1. Please find, among A:Glu154, A:Glu197, the residue that is under 26 Å from A:Ala40 (Cα atoms) and in contact with a His (Cβ under 8 Å, 6 or more places away or on another chain).
2. Select from region A:7-31 the residues that are part of a strand (DSSP E or B) and within 16 Å of A:Val77 (Cα to Cα) and list them in ascending order.
3. Taking into account only those residues within region A:87-130 that are in a loop (DSSP other than H, G, I, E, B) and within 25 Å of the chain's Cα centre (by Cα), which is farthest from B:Ala75 (Cα to Cα)?
4. With the condition kept exactly as written, say whether any residue in region B:107-128 is at pLDDT 90 or above and either in contact with a Pro (Cβ under 9 Å, 6 or more places away or on another chain) or among the aromatic types (Phe, Trp, Tyr) (or both).
5. As an exercise: evaluate B:Tyr128 against (1) more than 14 Å from chain A (Cβ to nearest Cβ); (2) under 19 Å from the mean Cα position of the chain (by Cα); (3) within 28 Å of A:Pro87 (Cβ to Cβ); (4) not aliphatic (A, V, I, L, M) and give the number of the one condition it does not meet.
6. Quick check on region B:174-185. Is at least one of its residues of a type outside the set (A, V, I, L, M, F, W, C), part of a helix (DSSP H, G or I) and more than 19 Å from B:Val94 (Cα to Cα)?
7. Please pick out the residue among A:Ala99, A:Ala136, A:Ala89, A:Ala144 that is modelled with pLDDT of 90 or more, buried (at least 18 other Cβ atoms within 10 Å of the Cβ) and within 12 Å of chain B (Cβ to nearest Cβ).
Amino acid sequence: MSVVAAAGLTKRFGDVTALNDVTFTLTENRIYGLLGRNGAGKTTLMQLITGQNSVSVGDLTLFGERPFENERALMRVAFIKESQKYPAAYQVRHVLSLASRLFPNWDEDFAQSLVDEFELPRKRGVRKLSRGMTSALGVTIGLAARAPLTFFDEPYLGLDAVARQLFYDRLLADYAENPRTVVLSTHLIDEVADLIEHVLLLDHGKLLLDAPSEELRGQVMEASGPAEAVDEFATAHRALHREQLGGTARTTLRGSFDNAERMRAKKLGIDLAPVSLQQAVVRLTAEGTNPR
Amino acid sequence: MTRILDVARMHTVAWLGQLAWPWAIMGISLGTNLLIFASIDDAAPGKNTTGGLASLYIVCAIVAAASITQVFPFALGMGVTRRTFYLATTLVNVVQAVAYGVLLYLLNLLEGGTNGFGIQLRFFRVPYVDVSNGLLQIAVYAVPFLFLNFLAIFVAVWYVRFGTNGLFATGAVAILVSGLLIALITWQGWFGDIWQWLSSQHQASLLVGWPALLAAAAGLGGMAAIRRANA
């Protein structure tokens, strides 16, 4: 069953089109990476799915139902965002106690262990927490809620490297025990590259890419070698990027690289290597922005 | 219903601000009034009343408005629907109004029984608002809470939905319309008729019926406005 299905999804704010004709589905028990530059429409997309905002045009279902003002569907979603606002009077323990009743699958022991691991002060006012501690509180809620669909929108802001690693470790371990659909929206692509099973890439409100990360890794390669040979090899693929230094060229290519292609590259004296997910995303976004 | 109760807890979990401040401020008002009136040797008859009780109503209305501007964005972020949030908020405000009405009635009895705390003070037994019937007295205390709180909630929802400019623009229009209305009434000489109508109203309608009706209108207006509001 699809957890989220969007068809021709469009959202306009005045004369700004934040999302433009986006179509995709999210399936059960998978970790998605929702990637894209600032202003690409990632947060808008998550706001629509979580009923924070209404759809302008197109069709959107969450667990088979329209999400806007739909209690039954929204109870199965946790949306952890960097911009979450908390009432001034709340302390950390208040937020946790409220969350424990609002999320049906809440695991209190897990929540308490995360609070200890992140060293969150239970009796401190939420608005008095540092940037990193506020993020840690969000991450704690997002993990302990065990919602069938969990969004993390830039959840790591202000978190130090140790705390971020703790988040990734706990997410992966808990995901293995309690499979669910997780959407990570982040700019630190390399850090989460191993976690992400499927990539959704947005650019200027359009869905540029919707592919399993393994497939993407095999599709985007960097070919380097003598300029003439590289250019000859590149004709069979889509060149996303090219740079030359003296007689040596290096291009990022998109296409299918089967054994025959790898042999051809070898014969031409070309070094063919996969690029990181982050590089692939950067090159694909740049190509989408400046079509040749 | 359990969901509504769980969401209602959002308003009461940090109970100190929600419950304690309004009463603490009223308590201070009562204390200073006691001191002032005790230090006046022989208060002239009828001059021993104070408006200190209004502080309780005003602080409660401020808390109600803050519950919208602060708790609503949090609730929406936790996957609560606007409808559930508003129903929970309504529940909290109605229960609170009734509970405070009863509490004020008990304080009214205490004040009456102690001869105005020994100095003939009328802090809770505000003239005209002091009625003889116990149940009516509770309603007389409770309904102004509903009226002011739902008005404050309506204004706060308007602010959340339309922003600062939207709030001020609506305020400006409201002032303009009421100004024109007053001008019309003055020009047509309708004030006498209005005054006559008001004074012909039963005490219960004036203190309970009409404010309750206005509170309900503000409450329904807030419900309609919040359904399309985004945090």
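The values are calculated or read from the model by the stated rules, or taken from the named source; none is laboratory data. Owing to the predicted nature of the structure, the values given are computational and were not obtained by experimental measurement. Cβ coordinates were reconstructed from backbone atoms using ideal geometry, including for glycine residues, and neighbour counts include every protein chain displayed.
1. Numbers: A:Glu197 fails: in contact with a His (Cβ under 8 Å, 6 or more places away or on another chain).
After applying the criteria, what remains is A:Glu154.
2. A:Thr25, A:Leu26, A:Thr27, A:Ile31 - these are the residues of region A:7-31 that are part of a strand (DSSP E or B) and within 16 Å of A:Val77 (Cα to Cα).
3. As a first pass, look at region A:87-130 and keep what is in a loop (DSSP other than H, G, I, E, B): A:87-90, A:103-107, A:118-124, A:129-130.
Next, from what is left, pick out any that are within 25 Å of the chain's Cα centre (by Cα): A:103-107, A:118, A:130.
Working: A:Phe103: 12, A:Pro104: 15, A:Asn105: 18, A:Trp106: 17, A:Asp107: 20, A:Phe118: 24, A:Ser130: 22 Å.
Result: A:Phe118.
4. no
5. Every condition holds for B:Tyr128 apart from (3).
6. Of the residues in region B:174-185, the ones of a type outside the set (A, V, I, L, M, F, W, C) are B:178-179.
From what's left, part of a helix (DSSP H, G or I): B:178-179.
Remaining after also requiring more than 19 Å from B:Val94 (Cα to Cα): B:178-179.
Scanning region B:174-185, I find at least one residue that is of a type outside the set (A, V, I, L, M, F, W, C), part of a helix (DSSP H, G or I) and more than 19 Å from B:Val94 (Cα to Cα), so the answer is yes.
7. Details: A:Ala136 fails: within 12 Å of chain B (Cβ to nearest Cβ); A:Ala89 fails: modelled with pLDDT of 90 or more; A:Ala144 fails: within 12 Å of chain B (Cβ to nearest Cβ).
After ruling out the rest, the residue left standing is A:Ala99.
Residue-by-condition table, conditions (1) in a loop (DSSP other than H, G, I, E, B); (2) more than 28 Å from A:Tyr168 (Cβ to Cβ); (3) within 11 Å of another protein chain (Cβ to nearest Cβ):
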| site | (1), (2), (3) |
| --- | --- |
| A:Gly33 | no, no, no |
| A:Asn38 | yes, no, no |
| A:Thr43 | no, no, no |
| A:Gln47 | no, no, yes |
| A:Asn53 | yes, yes, yes |
| A:Gly58 | no, yes, no |
| A:Thr61 | no, yes, no |
| A:Phe68 | yes, yes, yes |
| A:Arg72 | no, yes, yes |
